[in-house]
Amino acid sequence: MSSYVEGVAILLGLNIIAVLGVSILTGFTRLFSFGNAGFMAIGAYGSAILTTKYGIPFIPAIIISAAFSGLIAYLIGALTLKLRGDYFLIATLGFGESVRVLFAYIEPITGGARGFTAIPKYTNFYITAISVVIAFIFAWNLVHSKTGRDLIAVREQEAAAEAVGINTFASKQLAFVISAVYAGWAGALYSHNLTFITPEMFNLAKSAELTITTVIGGLGSLTGSVLGTLLVTLLPELFRSLASYRMLIYGIAVVAVIVLKPDGLYGYREFSINRIISYLKKVFVKAPKKGADIVERNT
Amino acid sequence: MNEILKIEKLSKYFGGVKAVHNFNLSLQEGKIHGLIGPNGAGKTTIFNLITGIYKPMDGNIIFCNQDITGKKPYSIARLGIGRTFQNIKLFANLTALQNVIIAGNQDITYNLLESFLRTVKFRKEEKSLREKAMMLLETVGLADMADKMASNLPYGHQRKLEIARALALNPRLLLLDEPAAGMNTEESKELVTFIYDIKERFNLTILIIEHHMDVISNLCDECTVLNFGETICRGCPSTVKRDRLVIEAYLGEEYVC
């Protein structure tokens, strides 16, 4: 594999992980967060500090920093999840920006705005691929269980969810923590891939990108989120010359999706071979049936 | 006979408005009790107080000898109080079957780890939950619409689906908020039989808000009439219908003639 292809594959993989987290939060629980880049930053800086300053091996460093992201989300969630929709979004936005500014400010530990340098390059294709597979299976099994149904109930109708015995606050908190763990995980892979990080990489635009990718891919669909990430990560690679227009193109894409396909590319359903087969069957079996009908009438 | 629900001196004001004032109720197991009264009398507020959506300012709510005053809605639901809503609140973008399955979630005992490992217990519980949901859809006559999106069902079916969803909780007490709204005489007659059947079949006690007086008189053992948050009359429907205050406040003179 050429190093360019490997680089793109790693980037794609860690974006998938971060977007899957947002997908559980936004697609399945209908909570919008503009602070997930903050959790990525915690994972990225956390793991970099652990590997460079404390000599902790890479995999434990990923686990510890992702878990720490989750812990922060638990605390933030306890304070902010009682807020209604838009206000929660503003709170997460504030959180993401505070993390960025904080990391720029504590220069002795993080290298400040000039960045954290000389991070060993531990992330490779295999670690990323295995991470993606684990992240996807975990998310899939979560969504297709009692817990996932609780999340979906919160998304659909909160008052009714409470009325059938679902602790909506706990469900929201769980979704928020999982999205933060995924973001921290992706962040840890990110810093050990680039070997150099600055707080500016985890700005509001990055958070927005994660949410936009989820919306383009389709809310309420994990495979849709993967598909969305493929598009959003690979298209800019193919059209390098348009790279500076990226945010503009995102904006247009979101407007186009909202107008043309409000549920996203794959909203509220999963990619399924069976459905495609049954669709094809319908198309091909219908035609002869009509013919048979005519024959019957003739005889 | 057992007292399943006891409400004492329940009050809730919204600013200066006395939505519910000094409301008392004693409901015996297996009975059907009606709440009637003009719009804004505080009937739905009482439901919201019982189910924990509002916190009462004063008074106690005792369900099965347990004080549930001020508890969270989800824990009250788990104790066995199911409800429907006046303005239907279904999980609109899910199928009818999924709506009922979600409400049956409380039957499930597998933990997160077991669901990730897809253990035998996980598969067994998921299967029996699905069967239970299908059985409930059959009970309310929606079995053939299991895969239809809830928001695409006709209005009457949506009401039935809400009842099926409430039943999936295995409730002991069912609160029905205007189940006959928008129905004609024929349909509301059917509804009376239907409600009576599910009450017998699932050993329910029912508290029902309704404006159709024929539904109330055919179904209820007793009923309470509210006006501006105050209880103005209580008794069996035939007595209540002849009460002077009730006629003035709610039924109107024409009803008597």
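The values are calculated or read from the model by the stated rules, or taken from the named source; none is laboratory data. A quick note: this is a predicted structure, and the numbers were derived from the prediction, not measured. Every residue, glycine as well, gets a Cβ built from its backbone with ideal geometry; the counts of neighbours run over all protein chains shown. The accessibility values were calculated without ligands, DNA or RNA, using every heavy atom of the protein model including side chains. Shrake-Rupley method; radii C 1.70, N 1.55, O 1.52, S 1.80 Å.
Can you pull out every residue in segment B:200-212 that is touching a residue at least 12 places away in the same chain (Cβ under 8 Å) and open to solvent by 20 Å² or more (accessible area, probe 1.4 Å)?
Residues of segment B:200-212 that are touching a residue at least 12 places away in the same chain (Cβ under 8 Å), as a first pass: B:201-212.
Result: B:ARG201, B:PHE202, B:ASN203, B:HIS211, B:HIS212.
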Candidate set: segment A:44-87, residues that are in contact (Cβ under 8 Å) with a residue 60 or more places away in the chain and of a type in the set (Phe, Trp, Tyr); chosen: the one least open to solvent (accessible area, probe 1.4 Å): A:TYR45
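What are the residues in segment A:158-172 that are in a loop (DSSP other than H, G, I, E, B) and surrounded by fewer than 22 Cβ atoms within 10 Å (Cβ to Cβ), if any? So that I can check it myself, show each step before the final result.
Of all residues in segment A:158-172, those in a loop (DSSP other than H, G, I, E, B) come to A:164-167.
Across segment A:158-172, the qualifying residue is only A:ASN167.
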Pairs, first touching a residue at least 24 places away in the same chain (Cβ under 8 Å) and more than 9 Å from A:VAL215 (Cα to Cα) in segment A:258-276, second open to solvent by 100 Å² or more (accessible area, probe 1.4 Å) and in a helix (DSSP H, G or I), C-beta under 9 Å, six or more apart: A:ARG269/A:ARG275
Residues of segment A:204-246 that turn out to be of a type in the set (Ser, Thr, Tyr) and open to solvent by 30 Å² or more (accessible area, probe 1.4 Å), as a count: 4
Test for B:ARG234: is it assigned to a strand (DSSP E or B) and among the basic types (Lys, Arg): yes
Residue ID - farthest from B:LEU94 (Cα to Cα), chosen from residues in segment A:124-151 that are in contact (Cβ under 8 Å) with a residue 12 or more places away in the chain and facing chain B (nearest Cβ under 7 Å): A:THR147
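Inspect all residues belonging to segment A:88-96 and state whether any of them is within 14 Å of chain B (Cβ to nearest Cβ), open to solvent by 20 Å² or more (accessible area, probe 1.4 Å) and farther than 18 Å from A:SER47 by Cα. Before you say what the answer is, go through the steps one by one.
Of segment A:88-96, the ones within 14 Å of chain B (Cβ to nearest Cβ) are none.
No, there is no match, as no residue in segment A:88-96 is within 14 Å of chain B (Cβ to nearest Cβ), open to solvent by 20 Å² or more (accessible area, probe 1.4 Å) and farther than 18 Å from A:SER47 by Cα.
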Per-region count, segment A:51-98, residues closer than 23 Å to A:SER33 by Cα and part of a helix (DSSP H, G or I): 33
A:ILE249 being open to solvent by 40 Å² or more (accessible area, probe 1.4 Å), assigned by TED's automatic domain parsing to the domain that holds A:GLY111 and modelled with pLDDT of 75 or more: yes
Of residues in segment A:115-149 being within 18 Å of the chain's Cα centre (by Cα) and open to solvent by 60 Å² or more (accessible area, probe 1.4 Å), the one farthest from B:LEU113 (Cα to Cα): A:ILE130
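Could you count how many residues in segment B:162-188 are free of Cβ contacts under 8 Å to residues at least 60 places away in the same chain, surrounded by fewer than 24 Cβ atoms within 10 Å (Cβ to Cβ) and in contact with an Asp or Glu (Cβ under 8 Å, 6 or more places away or on another chain)? I'd like the intermediate steps shown before the answer.
If we filter segment B:162-188 for residues that are free of Cβ contacts under 8 Å to residues at least 60 places away in the same chain, which is where we start, we get B:180, B:182-188.
Imposing the further condition that a residue be surrounded by fewer than 24 Cβ atoms within 10 Å (Cβ to Cβ) reduces the set to B:182-188.
Those still in the list that are in contact with an Asp or Glu (Cβ under 8 Å, 6 or more places away or on another chain) too: B:185, B:188.
Of the residues in segment B:162-188, 2 are free of Cβ contacts under 8 Å to residues at least 60 places away in the same chain, surrounded by fewer than 24 Cβ atoms within 10 Å (Cβ to Cβ) and in contact with an Asp or Glu (Cβ under 8 Å, 6 or more places away or on another chain).
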2 or more residues within 14 Å of another protein chain (Cβ to nearest Cβ) and surrounded by 17 or more Cβ atoms within 10 Å (Cβ to Cβ): qualifying strands (runs of 3 or more DSSP E) within segment B:1-119: B:81-83
